[in-house]
Amino acid sequence: MKVQPTGLPGVLVLEPAVFGDARGFFLESWNARTFREATGLDVAFVQDNHSRSVRNVLRGIHYQLQNPQGKLVRVVSGAVWDVAVDLRRTSPHFARWVGVELTAENNKQLWIPPGFGHAFLVLSQGADLLYKATDFWMPQHDRAICWSDPSIGIAWPLDGPPLLAAKDASAPLLAQAQVYE
């Protein structure tokens, strides 16, 4: 597994070893020992999620205020622009973001540690994301920040207006949101 640091300390792009031939390919999408050896992190995942969305769906910026989740995100069909935002108010990187194109073809994964928000935009006709989470989803602690907040300034590769869920369309700006300390 190759590990690439990003512009945000702790957020990592992972590239698993892919073994392919004329028949297809094989890769390990998760191996606790390999992850620990490659990143120095010992994480335990408690929940797997599968999200399917159509082109121009934008989900996020989502986070869980209490019981924050670390997420390991990958795309198994299609392509997305996947984004992590540092939401730790005391961090020197507060409100900074990184974006990575995750596709079924490049097999890249994005590790988003607890304390960060997560968002993505579907670039292909449709996309399936699988992500592992280090804590359970708790709807009472679920939060969102406006995807287009100018104080964050995410450069979304939009080719038209995004398709948003009601919670994302009405999400507050960062200045009004509860965030991590």
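Selection of segment 24-81 for residues being of a type in the set (D, E) and within 15 Å of Y131 (Cα to Cα) yields E28, D48.
Being of a type outside the set (G, A, S) and exposed (fewer than 15 other Cβ atoms within 10 Å of the Cβ) is not true of Q109.
With respect to the conditions (1) under 22 Å from E101 (Cα atoms); (2) under 17 Å from the mean Cα position of the chain (by Cα); (3) of a type outside the set (S, T, Y), G20 lacks only one, and its number is (2). L130 meets the conditions (1) without any contact (Cβ under 8 Å) to a residue 12 or more places away in the chain; (2) touching a His at 6+ places or on another chain (Cβ under 6 Å) in every case but one. The failed one is (1). Only residues that are under 23 Å from S29 (Cβ atoms) and not hydrophobic (A, V, I, L, M, F, W, C) were counted across segment 69-101, and they come to 9. Counting only strands (runs of 3 or more DSSP E) that fall entirely inside segment 107-181 and contain at least 2 residues that are polar (S, T, N, Q) and in contact with a strand residue (DSSP E or B) (Cβ under 8 Å, 6 or more places away or on another chain), no element qualifies.
Whether any residue in segment 36-48 is surrounded by fewer than 13 Cβ atoms within 10 Å (Cβ to Cβ) and either within 15 Å of the chain's Cα centre (by Cα) or at pLDDT below 95 (or both) is what I want to check. For segment 36-48, residues surrounded by fewer than 13 Cβ atoms within 10 Å (Cβ to Cβ) and either within 15 Å of the chain's Cα centre (by Cα) or at pLDDT below 95 (or both): present.
Residues checked against (1) over 22 Å from Q47 (Cβ atoms); (2) in contact with a helix residue (DSSP H, G or I) (Cβ under 9 Å, 6 or more places away or on another chain); (3) buried (at least 20 other Cβ atoms within 10 Å of the Cβ); (4) at pLDDT 95 or above:
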position: Y131; (1), (2), (3), (4): no, no, yes, yes
position: D135; (1), (2), (3), (4): no, no, no, yes
position: W147; (1), (2), (3), (4): yes, yes, yes, yes
position: G160; (1), (2), (3), (4): yes, no, no, no
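Q176 meets each of the listed conditions (1) within 15 Å of the chain's Cα centre (by Cα); (2) within 24 Å of F94 (Cβ to Cβ) apart from (1). When you scan segment 71-87, do you find a residue that is within 18 Å of T6 (Cα to Cα), surrounded by fewer than 20 Cβ atoms within 10 Å (Cβ to Cβ) and of a type in the set (D, E, K, R), even just one? Within segment 71-87 (the criterion being within 18 Å of T6 (Cα to Cα), surrounded by fewer than 20 Cβ atoms within 10 Å (Cβ to Cβ) and of a type in the set (D, E, K, R)), the answer is no, since none of the residues qualifies. Looking across S29, S77, S53, one residue alone is within 23 Å of K167 (Cβ to Cβ) and polar (S, T, N, Q). It is S53.
The values are calculated or read from the model by the stated rules, or taken from the named source; none is laboratory data. All of these numbers come straight from a predicted model, not from anything done at the bench. Note: ideal-geometry Cβ built from the backbone for every residue, glycine included; neighbour counts use all protein chains shown.
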